[in-house]
Amino acid sequence: MIGPDRVLTDASATEPYHEDWTGKVRGSSIAVLRPASTQEVSDLVTLCARHNIAIVPQGGRTGLCGGGVPAGEGRSVVLSTDRMKAIRGIDPDARTLTVEAGVILELMQKTALEHELVFPLTFGAQGSCRIGGALATNAGGSNVVRYGTTRELCLGIEAVLPDGSIVNDLAGLRKDNTGYDLRHLLIGAEGTLGIITAAVFKLFPMPKVRSAAFLSLSSLEAAAPALNALQDRTGGNVEAFEFMSGEAVDTICAAFPEIKPPLQDRAEVGVFFEVASSRQVDAEIDEDGAPRLQSEVLSALENLMDEGLLLDAMIAQSEQQRLDLWKMREATLEAMMASGPIYVTDVSLPLAKIPEFVTSMDEAMQALGFRPTTVGHLGDGNLHYALLGSGETAWADLPLERAKHVIYEKLRDLGGSFSAEHGIGQDKLDAMGLYKQPSQLCAMRAIKAALDPANLMNPGKLLPTE
């Protein structure tokens, strides 16, 4: 169907496809299939369904929960989208971009820029992740506070369902009330209901001016007022609002000596933010010699300082300083991993509950022997609450399962979620069984059984066993 050179069975060739980015999740399959078109995907799915062979859809293998790695339930094949990398079209007037599932996110960003437009989805793995995987997990990133998750950026999809049939919805309609929206059903389903093969996305005007800064806030309670003050002053143009604890900045600077702390005094509650505007008036230089947007930001920060919410600030005065702040933020995970064994959560909470969560969990985790380190997309309530070893106790002797239980119980009490943007995969199946509402699980299982009665689409992921 797709050529013998596109069906990998030799162990040396298939090994990279059997491990996720973390290196903690490994699996095996009878073959790795590399189709180049939606029709080839359809033919392969039909064939596998006929012979009762499970299919594990796989993108760029940058996931953190083992969602794209075979789970070892029966015979399976990996279906990689790495050959489906065509940019099918860009419509500058409608501001849409249509691509196949194997296109690298960074290429989408560059393609949009060539037309003086922006595809705003951005996160650390953008140079290697494939957009099909971002759709399958409904990936988030740093710009969700302004543009939303991958789901909110997608106008339509093309997909192959478990029986091999093809659903094509790439017209790019912004309004279409004709029944159940299969697009939203498949986005975030982690390949358990079908394989997304192409999608059409929204594009946005390219900013003419940006302003970035690193803040030291008086407390976490000051974060929401600070965000709202910046939003109000700039017309809702905050693109990123990232929390970086003092522990996180210390960890980054220790791992990468070339990265210097942005402030002279340690910021216990540090926030990196960026504001951007596509309006020409915001890029015009005012009487102070700064772009108008920068002046508005300065005024907002001065008010925050007068109110006692802001202790100190470093405002980027050049493009290089702005990029340096982004480099510090994006080095977080790598720096944490370089410091030793680590467990990183991916949680979300109502903004008003974040201070209570971090304060109580820091105290509880330290009592259990961990060194808690927090970063997160504070603007949308998403925290990556990380547990590092303290150095006093061997990592293997630390009560990690107990710590996770304490964290998840607190999340439930505060109305939060244990998975904000990384997905469930294999890593969080236990949490799904314990903390997802039974009625929600029942509905999800009914949908799964209706579309994939033989359970051949990415089995062992997302849905815990009853």
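The values are calculated or read from the model by the stated rules, or taken from the named source; none is laboratory data. In this text, all values refer to a predicted model and were calculated from it rather than measured experimentally. Virtual Cβ from ideal backbone geometry, glycine too; neighbours counted across all protein chains shown. Protein only, heavy atoms only, side chains kept; ligands, DNA and RNA dropped before computing areas. Shrake-Rupley method; radii C 1.70, N 1.55, O 1.52, S 1.80 Å.
For region 2-33 and region 84-101, what is the separation of their Cα centres, given in Å?
Value for the Cα centre distance between the two parts: 29 Å.
Shape verdict for region 300-365, please, from the Cα gyration tensor: rounded (a/c under 1.5), prolate (a/b greater than b/c) or oblate.
The shape class here is oblate.
Would you calculate, for the chain, the mean residue ellipticity at 222 nm contributed by helices, counting each DSSP H stretch of 4 or more residues as -39,500 (n - 2.57) and dividing by all residues, to the nearest 500?
-9500 deg cm²/dmol
How much accessible surface does Met444 have with a 1.4 Å probe, in Å² rounded to 10?
50 Å²
In the chain, with Lys and Arg counted as +1 and Asp and Glu as -1 at Cβ, which of these residues, Ser211, Val271, Tyr408, has the Cα nearest the positive end of the dipole, that is, farthest along it?
The Cα lying farthest towards the positive end belongs to Tyr408.
Round to the nearest 0.05 the FRET efficiency obtained for Glu284 and Leu173 when R0 = 25 Å and r is the Cβ-Cβ distance.
That pair, Glu284 with Leu173, gives E of 0.10.
List the trypsin sites (Lys or Arg not before Pro) within region 103-185 that fall in a DSSP loop (any state other than H, G, I, E or B) and whose Cβ has at most 15 other Cβ atoms within 10 Å.
Arg174, Lys175
Rounded, prolate or oblate, given the Cα gyration tensor of region 414-462, with a/c below 1.5 counting as rounded?
Taking the square roots of the gyration eigenvalues as a ≥ b ≥ c, region 414-462 is oblate.
Based on the Kirkwood radius over alpha-carbon pairs, what value in µm²/s does the Stokes-Einstein equation return for the translational diffusion coefficient of region 323-466 at 10 °C and 1.306 mPa s?
Diffusion coefficient, whole number: 95 µm²/s.
Need the full-extension length gain, His184 to Asn303, defined as separation in residues times 0.36 nm minus the C-alpha distance. One decimal, nm.
So the chain would gain 38.7 nm between His184 and Asn303.
Taking the dipole about the Cα centre of the chain, with the C-beta of Lys and Arg at +1 and of Asp and Glu at -1, give me whichever of Ile166, Leu368, Ala254 is farthest to the positive side.
About the Cα centre, the residue reaching furthest to the positive side is Ile166.
Grab the beta carbon distance between Arg266 and Leu434, set R0 = 35 Å, and tell me the FRET efficiency rounded to 0.05.
0.40
Given points 7 Å out from each Cα along the Cα-Cβ axis, report the Ser219 to Ala94 separation in nanometres with one decimal.
Result for the modelled spin labels: 5.1 nm.
As an exercise, use a Förster radius of 30 Å and the Cβ-Cβ distance of Leu368 and Leu441 to find the FRET efficiency, rounded to the nearest 0.05.
About 0.55, to the nearest 0.05.
Using a 7 Å offset from the Cα along the Cα-to-Cβ direction at both Glu401 and Glu114, what is the distance between the two label points in nm, to one decimal?
In this crude spin-label approximation the distance works out to 5.2 nm.
With 20 Å as the cut-off, how large is the P(r) tail for region 140-211, expressed as percent of Cα-Cα pairs?
The proportion of pairs with Cα distances above 20 Å equals 37 percent.
Once both labels are modelled 7 Å past Cα along the beta-carbon direction, what's the Ala394-Met337 spacing in nm?
2.4 nm
Cβ neighbours within 10 Å, averaged per peptide: list 123-129, 23-29 in order, most packed at the top.
123-129, 23-29
Which log10 I(q)/I(0) values does the chain give at q = 0.08, 0.10, 0.13 Å⁻¹ under the Debye formula, counting every alpha carbon as one identical point scatterer?
For the chain, the Cα-only Debye profile gives -0.50, -0.78, -1.27.
Fully extended, how many nm does the chain gain between Ile30 and Arg83 (0.36 nm per residue separation, minus their Cα-Cα distance)?
Full-extension gain reported as 17.1 nm.
Specify the inter-centroid distance of region 269-321 and region 406-466, based on alpha-carbon positions, in whole Å.
42 Å
Cross-link partners among lysines for Lys327, C-alpha distance below 20 Å, same-chain residues fewer than 8 apart left out?
Lys110, Lys260
Taking all protein chains as present, what is the carbon and sulfur share of the accessible area of the chain, in % to the nearest whole number, probe 1.4 Å?
Carbon and sulfur together cover 50 percent of it.
List residues of region 235-275, by number, whose backbone nitrogen lies under 11 Å from a label position 7 Å along Cα→C-beta of Lys327.
Once the point is set 7 Å along Cα→Cβ of Lys327, 257-260 turn out to lie under 11 Å by backbone N, inside region 235-275.
Placing one identical point scatterer on every Cα of region 1-120 and ignoring solvent, what is log10 I(q)/I(0) from the Debye formula at q = 0.13 Å⁻¹?
The computed values of log10 I(q)/I(0) come out as -0.59.
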